[in-house]
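Trainee: Take this structure first; my questions come after.
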Ligand SMILES: Nc1ncnc2c1ncn2[C@@H]1O[C@H](COP(=O)(O)OP(=O)(O)OP(=O)(O)O)[C@@H](O)[C@H]1O
Ligand SMILES: [Mg+2]
């Protein structure tokens, strides 16, 4: 495997791209750049005389934190996601998979252009447009409702190693009293609040139970990380990227996570009350959605994977209490 980075030589990069039939030997690479912020993988935009493309390479660690191991096959699973949905109507929201180099652990994606993700929503007074809101729910409904043939779904990778890693962040670290991550640096007073929650044994028990459901199998193909950081605002509108956490699981997971982010980003209340109008389904387990929503509220406020939230301590307290209440419904 050849490791690529912003410092790779253009000739080395060109060799890889030519070998994957994505550029001609006679063409030149004009520039390489970092298309946006990301932690897990190496993501580059390569600009050639004929256009541009995105290269994404996984490592057996988290790219930004090399001391944290992470399964290198996550890129294979992301490639398989793109291959699987290529006939689903949800594909229009995702970049096209242009190539997949299994040996070098690289996927080549359509470049959606210079764009920003939707994490600006966490800033005060920035609301999603109604159009984007509808698209966000529409995509999820199309994805979850795509039916796959039996071998397609049963042979799809379980993505368990990456889910186990995520499980620690979702269900273990936020509730661990031994956690030495200092939340008072994020917000004065937050550490004390967290320690109080961490003494709540019934909450911890509920989290452990819900964790088992996250690791269980289900019927729907999930995105697995459906939050504003996986959404791109492009010239042609709302798009979705980064399905590396995907698996066939309970759709309530994606739904609960999404609802939690609408709350943390203080979006208009109608986006939560109208939610099921835009995601009509007869087989949703609403209390499971609530539980995953509660999980996400808690783990994003007192866990390690922090967001650029602009919430007061009072608002965080309210959301944590709500998270607790939701996680404990069953
Ligand atoms: N197809 C694309 N077109 C344009 N920009 C893209 C594309 N794919 C990724 N990007 C940009 O690169 C950034 C990182 O991509 P991505 O989220 O897939 O990487 P990651 O390493 O999995 O990130 P994370 O650590 O958040 O999981 C995105 O936030 C986006 O700005
Ligand atoms: Mg990612």
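Trainee: Kindly provide the set of residues from segment 135-178 that are in a loop (DSSP other than H, G, I, E, B) and either surrounded by 13 or more Cβ atoms within 10 Å (Cβ to Cβ) or outside the structural domain of residue 192 (by TED's automatic domain parsing) (or both), ordered by number.
Mentor: Listed by number, the residues that qualify are 146, 148, 156, 157, 158, 159, 176.
Trainee: Looking only at segment 43-67, count every residue that is without any contact (Cβ under 8 Å) to a residue 12 or more places away in the chain and in contact with a strand residue (DSSP E or B) (Cβ under 6 Å, 6 or more places away or on another chain) and tell me the total.
Mentor: 1
Trainee: Considering only segment 36-87, state which residues are part of a strand (DSSP E or B), farther than 26 Å from residue 10 by Cβ and within 12 Å of ligand 1 (Cβ to nearest atom).
Mentor: Of everything in segment 36-87, those that are part of a strand (DSSP E or B), farther than 26 Å from residue 10 by Cβ and within 12 Å of ligand 1 (Cβ to nearest atom) turn out to be 62, 65, 68.
Trainee: Return the total of residues in segment 1-16 being away from ligand 1 (no atom under 14 Å from the Cβ), touching a residue at least 40 places away in the same chain (Cβ under 8 Å) and part of a loop (DSSP other than H, G, I, E, B).
Mentor: Residues flagged as away from ligand 1 (no atom under 14 Å from the Cβ), touching a residue at least 40 places away in the same chain (Cβ under 8 Å) and part of a loop (DSSP other than H, G, I, E, B) within segment 1-16 amount to 3.
Trainee: Next question, about the same structure. Of the residues that sit in segment 105-134 and are within 11 Å of residue 233 (Cβ to Cβ) and part of a helix (DSSP H, G or I), which one is farthest from ligand 1 (Cβ to nearest atom)?
Mentor: Going through the qualifying residues, I end up with 132.
For (1) assigned by TED's automatic domain parsing to the domain that holds residue 311; (2) over 18 Å from residue 166 (Cα atoms); (3) within 16 Å of ligand 2 (Cβ to nearest atom); (4) in contact with a helix residue (DSSP H, G or I) (Cβ under 9 Å, 6 or more places away or on another chain), each residue gets a yes or a no:
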| site | (1), (2), (3), (4) |
| --- | --- |
| 189 | yes, yes, no, yes |
| 219 | yes, yes, no, yes |
| 225 | yes, no, yes, yes |
| 228 | yes, no, yes, yes |
| 232 | yes, yes, yes, no |
| 235 | yes, yes, no, no |
| 243 | yes, no, yes, yes |
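Trainee: Pairs under 8 Å by beta carbon, first residue outside the structural domain of residue 76 (by TED's automatic domain parsing) and within 21 Å of residue 233 (Cα to Cα) in segment 17-42, partner modelled with pLDDT of 95 or more and within 16 Å of ligand 2 (Cβ to nearest atom), six or more apart or different chains?
Mentor: If the second residue must be modelled with pLDDT of 95 or more and within 16 Å of ligand 2 (Cβ to nearest atom), no pairs are left.
Trainee: Search segment 88-104 for residues being away from ligand 1 (no atom under 12 Å from the Cβ) and part of a loop (DSSP other than H, G, I, E, B), and hand back the single one that is surrounded by the fewest Cβ atoms within 10 Å (Cβ to Cβ).
Mentor: Step by step, filter segment 88-104, then rank; the result is 103.
Trainee: Quick one: residue 199 ticks every box in (1) more than 16 Å from ligand 2 (Cβ to nearest atom); (2) in contact with a helix residue (DSSP H, G or I) (Cβ under 8 Å, 6 or more places away or on another chain); (3) not in a strand (DSSP E or B) except a single one, so which number is it?
Mentor: With respect to (1) more than 16 Å from ligand 2 (Cβ to nearest atom); (2) in contact with a helix residue (DSSP H, G or I) (Cβ under 8 Å, 6 or more places away or on another chain); (3) not in a strand (DSSP E or B), residue 199 is out only on (2).
The values are calculated or read from the model by the stated rules, or taken from the named source; none is laboratory data. These numbers were taken from a predicted model, which means no experiment stands behind them. Because the Cβ atoms are built from the backbone with ideal geometry, glycine has one as well, and the counts that use them run over all protein chains shown.
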